[in-house]
Amino acid sequence: MRSASANDRKPDVFTLAVAAIGVVFGDIGTSPLYTMKEAFSGSHPVAANYDNVLGVLSLVFWSLVIVVTLKYVVFMMRADNRGEGGIMALLALVLRATASGTSGRRLLTTLGLFGAALFYGDGIITPAISVLSAVEGLEVATPALQPFVIPITIVILIGLFVFQQKGTEMVGALFGPITAVWFAVLALLGIINIMEYPGVLVAVSPGYAVRFFAENAWGGFLVLGAVVLAITGTEALYADMGHFGKKPIRLAWGAYVMPALMLNYFGQGALILHSPAALAHPFYHMAPEWALFPMVILATMATVIASQAVISGTYSLTRQAIQLGYCPRLEVTHTSESEIGQIYLPWINWVLLAAVIGLVLGFGSSSNLAGAYGIAVTGTMAIDTILAFVLVRKLWKWPLWIALPLLLIFLTIDLSFFSANAIKLFHGGWFPIVVAILLFAVLSTWKRGRELLMERLAPGAIPIEPFIQSVTAHPPTRVPGTSVFLTAAAEGVPHALLHNLNHNKVLHERVVLLTVHTRDIPHVPDEERIEIVPLGGDFYRVIANYGFKDEPDVPRALELAAAKGLKFQMMETSFFLSRQTLIPKVGPGMALWREKLFALMSRNAASATTFFRIPANRVVELGTRIEL
C-alpha cells in the first residue's frame, strides 16, 4: 500500500489560517477604508466630538464582537452541511427538516432564495465600493489627481474581471500573504495613532454606545447605517467554511484579523479626536505623508483581493443554484486541474462587470455607494438568523427557552441595522433591492417552470413495466451497443425513448434510463454515486447522485457502474437527449410573463451535452414541443 507523500498531506491549521486571511477576510478587512468616514461625514453624519467618537467606536467594537464573533464565528459556523456553509447550504439543511408541500416550507424557500439574491447585489457592490474607496486615496495625496479616480477605478475593475478567465490558481498563494501584510499595516497604523490619544480605548465599554443613542436619538440610530459597514463580509466567514474548515477561520479571526481591525478603528477614532481635519478621509490621514502612495497601492491590492473573493463566491453560489434546480444550466469553465472549486462562469462574469462599471459611473464615489451597500448585507444577515432558528428547533431539537432568546437578540440587531439602512433607500439602497427582486423572479420562475414542465409531461408518460413487457412480447429490431436516455423523472418511459422507437423502429441491445439526482448535501462520495436497478429485458434504471457542490460528469459516473456489474464502452454507447421547445400559453400554473421568461431561459441554457460532459459525437437529440 502506497504511503502518503508530502503532496497528499492535508495542510496544517496554521497554513489554512493564512490562506483564509486572504480569501475569507478580504471584504471585512477593507471596511476601515470607509466605515469611520461615513459615520462622521457621510449621508447622516454626527458631530465629531468626544462623546460621539467614543460612541461610534463602542458600536463598531460590539458589532464585531456580537455579530461577527458570537453570531457567525461561534454560532453560525456550527450550522454546517457536511462541512459546507453559506445560505444555500443552510437552506438545504432547513428544507431537510421541514415537511414538503407545507406553507412553512414555501416561506422558508422564499426567504432563502431572496437571501441568495441579495448576495448577488453584494457581489456587484463590493468590487465597486472597495476599489473606488482605495483609489480615492489619490485625492488625499494630491487633489490634482481627483479627475483620474473614476477612470483608474474602471481600468482596475476591467483588469480584474478579464483576469477571471485565467483562474486564480497561480496567484492564489499570494492572496494570504498580501492580505496578512494589509492587516499588519492596519494594526501598526492603529497603534501609532492610539499612542497619541490612548484614552479612546475606554470605548470598549458598552456604556458609551448606550450614551451615544441617548444623546443623539434619531441621528444616533441613523449612524448604524455607517457602523454596519464594519461588518460587511461576515457572510464570507460562513460561506467559505468548506474551503478552509472551522478551526483555521476561527484561529485567523480571533488571533489576527479581529485585533488588527479593532486597533485600526480605535486608531482612526484617536486621530479624529486629535486632528479633526482628518475627517475627510481618516484612514489615509493615519499614514505619514511619505507613505500615502504606497498605502494607496496596498489598499488597491487588498480591495482587488476582497473583490476576487466575492466574485468567486458568486460563481460558487450560481453553481449551487444550478445543481439545486433554481437556475438554468450555464457554461462552467474549470480554471484549475487540481482544485474543483476554482470555476469561471463567463456569462455571470461579464454581467457582473457591466453592472459594477455602471455602479461606479452612476454613483461616482464610495460615499454614495455606501448607501447601497448596507441593505444587501443586513438583509442577508436577518434571513440567516431566521433560517438558523428553524434549524436549531427542527433539526438540532433545541428547547424553545434557549432558541427563542438567541433569535430575538440576533434578529433585533439585524433588523436595527437593516432599518437604519432602509432610510437610505432613495439614496442608493434601492439598487440591491431591485437586483434581489429581479434575481428572485429568475430563480423562483426557473424552479416553478421545471415543476410545471414535469406536470405537463406526466400525463403522457407510460409506466416502464408494461412497456418492457410489450417490448419483450413484440420485440423490435435490437441493434448492437448501449443507449443511454437521460430523463429528469426517475420513473416512466422517457419521451426520447418513445420518439426514437416510433421514428427509427429499433432499440439497442442494452437500454439505460439515466437520471441525474442532486442531493441536499455538498458532496456525494464515489461509492454512493451510482444506483442501478435492473428492469428486465436488458433495461436498467441508473441514478447518478451528486451533491450541490459536485460537478456532474456522466461518463465518469458510468465508469463507476462497472464496480456494480454494469460496464460501459463509451465508443459503443449512444446518449439520447430530449430537447423541449416550450410554448407559453395563458392558463393555470404561472403568469404568462413568467412562462415567457422560463421559455427564454430554457432556450438560452447551456446544453446538457456540455453540462454533463458527454462526448458530443455520442449524442442524439430528439425535439418535443410542449405547451406550458
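The values are calculated or read from the model by the stated rules, or taken from the named source; none is laboratory data. The structure presented is a predicted model; accordingly, all values stated were derived computationally and were not measured. FYI the Cβ positions are ideal-geometry reconstructions off the backbone, even for glycines, and counts take in every protein chain you see. These area figures cover heavy atoms from the full protein model, side chains too; ligands, DNA and RNA do not enter into them. Shrake-Rupley method; radii C 1.70, N 1.55, O 1.52, S 1.80 Å.
A few notes on this one:
- Meets criteria (over 21 Å from VAL227 (Cα atoms) and of a type in the set (Gly, Ala, Ser)) for ALA184: yes
- Test: residue in region 552-572 that is touching a Gly at 6+ places or on another chain (Cβ under 8 Å) and closer than 20 Å to ALA441 by Cα: no
- Qualifying residue in region 497-520 (condition: under 33 Å from the mean Cα position of the chain (by Cα), more than 29 Å from PRO328 (Cβ to Cβ) and not in a strand (DSSP E or B)): no
- Checking the stated criteria, ALA252 turns out to be surrounded by 22 or more Cβ atoms within 10 Å (Cβ to Cβ), among the aliphatic types (A, V, I, L, M) and under 20 Å from GLY22 (Cβ atoms).
- Looking only at residues in region 385-430 that are basic (Lys, Arg) and closer than 25 Å to MET88 by Cβ, the one that is most open to solvent (accessible area, probe 1.4 Å) is LYS397.
- MET77 being surrounded by fewer than 24 Cβ atoms within 10 Å (Cβ to Cβ), of a type in the set (A, V, I, L, M, F, W, C) and within 19 Å of the chain's Cα centre (by Cα): yes
- Looking across region 504-529, the residues that are without any contact (Cβ under 8 Å) to a residue 40 or more places away in the chain and open to solvent by 30 Å² or more (accessible area, probe 1.4 Å) come down to ASN504, LYS505, VAL506, GLU509, ARG510, HIS517, ARG519, PRO525, ASP526, GLU527, GLU528.
- Residue tally, condition among the small types (Gly, Ala, Ser), open to solvent by 10 Å² or more (accessible area, probe 1.4 Å) and under 16 Å from LYS567 (Cα atoms), over region 480-503: 1
- Output for region 38-61, where each listed residue is open to solvent by 10 Å² or more (accessible area, probe 1.4 Å), part of a helix (DSSP H, G or I) and modelled with pLDDT under 90: GLU38, PHE40, SER41
- Taken together, the residues in region 12-26 that are in a helix (DSSP H, G or I), open to solvent by less than 10 Å² (accessible area, probe 1.4 Å) and touching an Asp or Glu at 6+ places or on another chain (Cβ under 9 Å) amount to 1.
- When restricted to residues that are small (Gly, Ala, Ser) and surrounded by 24 or more Cβ atoms within 10 Å (Cβ to Cβ), region 261-283 contains 3.
- Residue in region 583-600 that is open to solvent by less than 40 Å² (accessible area, probe 1.4 Å), at pLDDT 80 or above and closer than 14 Å to PHE612 by Cα present: no
- For region 112-151, filtered to residues that are of a type in the set (S, T, N, Q) and free of Cβ contacts under 8 Å to residues at least 60 places away in the same chain, the residue that is most open to solvent (accessible area, probe 1.4 Å) is GLN146.
- Pairs where the first residue, in region 240-260, is touching a residue at least 40 places away in the same chain (Cβ under 8 Å) and among the acidic types (Asp, Glu) and the second is outside any loop (DSSP other than H, G, I, E, B) and open to solvent by 30 Å² or more (accessible area, probe 1.4 Å), C-beta under 7 Å, 6+ apart: ASP240/VAL23
- Whichever residue in region 422-441 is in a helix (DSSP H, G or I) and in contact with a Leu (Cβ under 7 Å, 6 or more places away or on another chain) and, among such residues, is nearest to GLY364 (Cα to Cα): PRO432
- Region 80-111, residues that are open to solvent by 10 Å² or more (accessible area, probe 1.4 Å), part of a loop (DSSP other than H, G, I, E, B) and either closer than 15 Å to GLN323 by Cβ or touching a helix residue (DSSP H, G or I) at 6+ places or on another chain (Cβ under 8 Å) (or both): ASP80, ARG82, GLY83, ALA97, THR98, ALA99
- Test: residue in region 392-402 that is under 23 Å from the mean Cα position of the chain (by Cα), modelled with pLDDT of 90 or more, assigned to a helix (DSSP H, G or I) and over 24 Å from ILE150 (Cβ atoms): yes
- On the stretch given as region 193-215, residues that are in contact with a Phe, Trp or Tyr (Cβ under 7 Å, 6 or more places away or on another chain) and open to solvent by less than 40 Å² (accessible area, probe 1.4 Å) total 4.
- Residue check for ARG541: over 20 Å from ALA490 (Cα atoms), in contact (Cβ under 8 Å) with a residue 40 or more places away in the chain and either buried (at least 16 other Cβ atoms within 10 Å of the Cβ) or over 30 Å from the mean Cα position of the chain (by Cα) (or both): no
Okay, residues lined up against (1) within 22 Å of THR109 (Cβ to Cβ); (2) in contact (Cβ under 8 Å) with a residue 12 or more places away in the chain; (3) touching a strand residue (DSSP E or B) at 6+ places or on another chain (Cβ under 9 Å); (4) in a helix (DSSP H, G or I):
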{"residue": "ARG450", "(1), (2), (3), (4)": "yes, yes, no, yes"}
{"residue": "VAL471", "(1), (2), (3), (4)": "no, yes, yes, yes"}
{"residue": "THR482", "(1), (2), (3), (4)": "no, yes, yes, no"}
{"residue": "ALA489", "(1), (2), (3), (4)": "yes, yes, yes, no"}
{"residue": "VAL493", "(1), (2), (3), (4)": "no, yes, yes, no"}
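- Within region 359-384, being open to solvent by 60 Å² or more (accessible area, probe 1.4 Å) and not hydrophobic (A, V, I, L, M, F, W, C) holds for GLY362, ASN368.
- Among the helices (runs of 4 or more DSSP H) confined to region 521-628, there are none with at least 2 residues that are in contact with a strand residue (DSSP E or B) (Cβ under 6 Å, 6 or more places away or on another chain) and on the phi > 0 side of the Ramachandran plot.
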